[in-house]
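Structure record follows, encoded as structure tokens.
Just so it is clear, none of the values below were taken in a lab; they were calculated from the coordinates. Everything quoted here is computed from the prediction, not taken from an experiment. Using ideal geometry, Cβ is built from the backbone for each residue, glycine included, and neighbour counts are taken over all protein chains shown.
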Amino acid sequence: MEKKEEIEKISFSLEIHHENEKLLKAYFESLKPEADSLVNQKKGKVFVEYNAEEKKLILKMETETISDFKALMNSYLYLIKAINDSLNSATSSMQ
């Protein structure tokens, strides 16, 4: 019987670039507490970095299984969408 190769680690990196540094900082401050939570650390490692000089936000994920990767990815994509919707709503009501 042939032995199946198993995945050792899945790594993913997402960069969000924007000219508005305040907007990027808002994303960072919203995502950072979630990345630091112990709940996520059971599924894998998540790192959020803000680089003001290059005007970008970096989200990195490392997991050991595809299901954990999918769970983390979905969670963070929904969080990013919720943050985006909230910021759009707040800025449009100010105009």
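Of all residues in the range 50-78, those satisfying the criterion of being touching a helix residue (DSSP H, G or I) at 6+ places or on another chain (Cβ under 8 Å), under 26 Å from Asn20 (Cβ atoms) and not hydrophobic (A, V, I, L, M, F, W, C) are Tyr50, Lys55, Lys56, Ser75, Tyr76.
Name the single residue, out of those in the range 64-95 being of a type in the set (Asp, Glu) and assigned to a helix (DSSP H, G or I), that is nearest to Glu29 (Cα to Cα). Looking at the filtered set, the residue picked out is Asp85. For residues that are within 15 Å of Phe47 (Cβ to Cβ) and acidic (Asp, Glu), tally how many sit in the range 14-28. The qualifying residues number 1.
Once the range 29-61 is narrowed to residues that are surrounded by fewer than 17 Cβ atoms within 10 Å (Cβ to Cβ) and assigned to a strand (DSSP E or B), the residue that is farthest from the chain's Cα centre (by Cα) is Asn51. When Ile16, Ile10 are screened for being farther than 25 Å from Ser86 by Cα and touching a helix residue (DSSP H, G or I) at 6+ places or on another chain (Cβ under 8 Å), only Ile10 passes. Can you tell me which condition Glu64 does not meet? The list is (1) surrounded by 14 or more Cβ atoms within 10 Å (Cβ to Cβ); (2) under 14 Å from the mean Cα position of the chain (by Cα); (3) of a type outside the set (Gly, Ala, Ser), and all the others hold. For Glu64, the exception is condition (2).
Does the range 26-41 include one or more residues that are over 20 Å from Lys81 (Cβ atoms), touching a residue at least 12 places away in the same chain (Cβ under 8 Å) and small (Gly, Ala, Ser)? No - not one qualifying residue is present in the range 26-41.
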